[in-house]
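As structure tokens, the structure follows; a few thoughts come after it.
Derivation of every value follows stated rules applied to the coordinates shown; laboratory data play no part. All values reported here derive from a predicted model rather than from experimental measurement. A quick note on method: Cβ atoms are made from the backbone with ideal geometry, for glycine too, and the neighbour counts reach across all protein chains shown.
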Amino acid sequence: MKMIRFINIWFATIALLFSVSVYADVIFSKSAPLYVNLFYQKSSLTLTTSFNDDDRFMDAGQDAEIVAQVSNIGGGKAYDVTGYIDGEIPTNLVIQRKACIGHIVPGETKLISFKLTATKELSDDTIPLQLVMREKYGRFPTITNIDLSCRSENSTQSPEPTSIKTSRRCFSLENNKSPKGVTNPYAVAVLIGNRDYDPSTYGTCEYAINDIKAVKEYLIQPFGYNPDNIFAYRNARYEIFREMFGDDKKPGELLNIVKPDTSDIFIYYSGYGVHAVESNSLYIIPVDCGYGAENIAAKGYSVDLMLNRLAELSARSVTVVFDSSFKSAADSLKTVTKLTDIINIPDKSAIFFASSYNETANRFHETMHGLFTYVFLESINALIEQGKSSISAGLLFSQLIDVETGVPFYSRRIFNGEQQFPQFKSSSDFLLFEDKQ
């Protein structure tokens, strides 16, 4: 009996040692990126809206309510749900503008109401209103348009009764409108999505891996990149940056891949960044980089170093895109207003920043992408749909900062007025995409 127990313990010990050694080999590999899959439980909210008046008119001197029923049919909790009434409201109509619901757990339904009061001087009119529901993480798929019909005391007209239409907002990054047959066989791309940082330092950068997956699809079509020339890394450690781009002593692997004066280079990074106040430099944060000035100096990857090494490759063009916040730990550098003032851009290059200095590069939770990445790719879709046969870096940036369709619009709308304004710097306005057919 003792011998059997000893054998069982011996085999268990061997199995444990074997599993630990295999795990360590994967974790600390210098060349292979680590793949970590997380399952996100998302809330899914539905909305039913009604106007509680039998004849569906707002009459002079009347009190009424707009009632909204909100249900969570998803698997995750919805946080801080709030309703807002938007629209140009006349002075003779008083409307409650805001109503808070709070959290909604899966399977739960809650009601909110917005009170309306009309004076006796109410005139015949149709007032267009919009019921906007917001959730902490932007997970609300519907928008409600309300055409409120009003009648005066001496009304002789027969207007249409109040109508309510709820439609689903669609956020999709499908690029099925893209032209086919466009090829750029010598173009080279490096895509890095750093999501899983140490929770005790930077924490998770949500959707960074989703970002580079979507960007890769767009590079293949419509941009015509050869998939074999697209190098995508999840959760890249410092060694990945050093091996691909180089360091202070030697160039990286791109030197052996890029064809001088022929290759277009496209770099896309989604993850954390930082502004080092002491050196007035921008750094990309690999997933194995610790927090604080000493760790950043040791294992942060300098944006200036990246741009200098890319300039040495003599590519036909270089495009660098950062869906990242570059915030400083201290606010002692008062002269900085633009990230583009900090970096020196090489010839034939363009650089995009998702946000301005010390702004947050927000995550668009409803689409499960970075907000900048979503608008970046949707802008490409929009330009192609407009029939553009070519897209320059400058034209694309004009779409990104559009006050009605760009990043600033979405940021204000989703994040309660928070500003996110992308920045751009280019040595020349070269073409990112061209359909020659």
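The table for this structure:
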| read-out | value |
| --- | --- |
| In nm, spacing of pseudo-spin labels at Val132 and Asn145 (7 Å Cα→C-beta vector) | 1.6 nm |
| Listed pairs Lys259/Lys348; Lys348/Lys388; Lys327/Lys348 exceeding 25 Å between Cα atoms | Lys327/Lys348 |
| Under the Karplus curve 6.51 cos²θ - 1.76 cosθ + 1.60, θ = phi - 60°, whole-Hz ³J(HN,Hα) for the stretch 204-217, x wherever Gly or Pro sits | 6, 9, 4, 6, 4, 6, 4, 4, 6, 4, 5, 4, 4, 4 |
| Ser314-Asn416 pseudo-label distance in nm [points 7 Å out on the Cα-to-Cβ vector] | 5.6 nm |
| All aspartates and glutamates inside 13 Å of Lys77 as judged from Cα atoms, apart from same-chain residues fewer than 8 positions distant | Glu108, Glu135 |
| Burial ordering of Ser355, Ser113, fewest other beta-carbon atoms within 10 Å first | Ser113, Ser355 |
| Relative contact order of the stretch 188-434, pairs being alpha-carbon contacts under 8 Å that are 6 or more residues apart, as % | 19 percent |
| Span from the the stretch 342-393 Cα centroid across to the the stretch 240-260 one, whole angstrom | 25 Å |
| Gyration tensor verdict on the stretch 188-434 (Cα atoms; rounded if a/c is under 1.5, prolate if a/b is larger than b/c, oblate otherwise) | rounded |
| Cα shape, the stretch 295-437, gyration tensor, a/c 1.5 rule | oblate |
| Net lengthening on full extension, Lys115/Asn358 (0.36 nm per residue, minus Cα-Cα) | 83.5 nm |
| Label-point separation in nm, Asp63 to Asn154, each point 7 Å along Cα→Cβ | 2.8 nm |
| Rg and Dmax of the stretch 204-341, Cα atoms only, in Å | 15.5, 45 |
| Residue order, fewest to most beta carbons within 10 Å, for Glu88, Glu418 | Glu88, Glu418 |
| Gyration tensor verdict on the stretch 194-264 (Cα atoms; rounded if a/c is under 1.5, prolate if a/b is larger than b/c, oblate otherwise) | oblate |
| Contour minus Cα-Cα distance for Thr48 and Tyr291 (0.36 nm per residue) | 82.8 nm |
| Trypsin sites (Lys or Arg not before Pro) restricted to DSSP loop in the stretch 207-288 with at most 14 other C-beta within 10 Å | Lys249 |
| Ranking of His369, His103, His275 by count of other Cβ atoms within 10 Å, fewest first | His103, His275, His369 |
| Euclidean distance between Cα centres, the stretch 202-239 to the stretch 51-93, Å | 42 Å |
